[in-house]
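Engineer: What follows is a structure written as structure tokens; I'll ask about it next.
The values are calculated or read from the model by the stated rules, or taken from the named source; none is laboratory data. Predicted, not measured: the structure shown is a model, and the values here were computed from it. Positions of Cβ are backbone-derived with ideal geometry, glycine not excepted, and every protein chain shown enters the neighbour counts.
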């Protein structure tokens with residue numbers, strides 16, 4: 001397959017095992033500026049907040065809600081492997097087949113886990 005020539009803003013970081021896959025920079029030109037990874041782009045509002053010292057980390061529940069929203073809005077066939085130690089709610093599954101079950105897991109975690117418990121879990125991960 002021949003891939004089109006793409007333009008990327010800023011440095012592109014990706015692991016070697018993804019070298020042959022197609023990469024789309026869907027955040028370039030975005031005006032929302034609320035994604036937590038926006039600090040990768042120097043012109044973003046979040047990047048400036050980090051430099052100014054005004055950035056505050058989002059609550060753990062908000063992280064879960066962001067992941068839930070991402071999975072809910074995905075319209076592609078994909079295997080999810082989100083079971084690493086930094087995920088307070090480990091998920092694995094294939095979309096679209098497992099989407100409903102994954103969303104139920106997130107809904108349950110968001111409703112049942114107190115913020116303090118999720119924060120305590122993350123604070124015990126010494127290698128992050």
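Engineer: Report yes if residue 49 is surrounded by 11 or more Cβ atoms within 10 Å (Cβ to Cβ) and under 13 Å from the mean Cα position of the chain (by Cα), otherwise no. Reasoning before the result, please.
Structural biologist: Numbers: surrounded by 11 or more Cβ atoms within 10 Å (Cβ to Cβ): yes; under 13 Å from the mean Cα position of the chain (by Cα): no.
Taking the combined requirement at face value, the residue does not satisfy it.
Engineer: Let me ask something additional. Determine which single condition residue 73 fails, assuming it passes every other condition in (1) loosely packed, with under 12 Cβ neighbours inside 10 Å; (2) at pLDDT below 85.
Structural biologist: Just one mismatch for residue 73, condition (2).
Engineer: When only residues in segment 79-91 that are touching a strand residue (DSSP E or B) at 6+ places or on another chain (Cβ under 7 Å) and closer than 22 Å to residue 117 by Cα count, which is surrounded by the most Cβ atoms within 10 Å (Cβ to Cβ)?
Structural biologist: This residue is 91.
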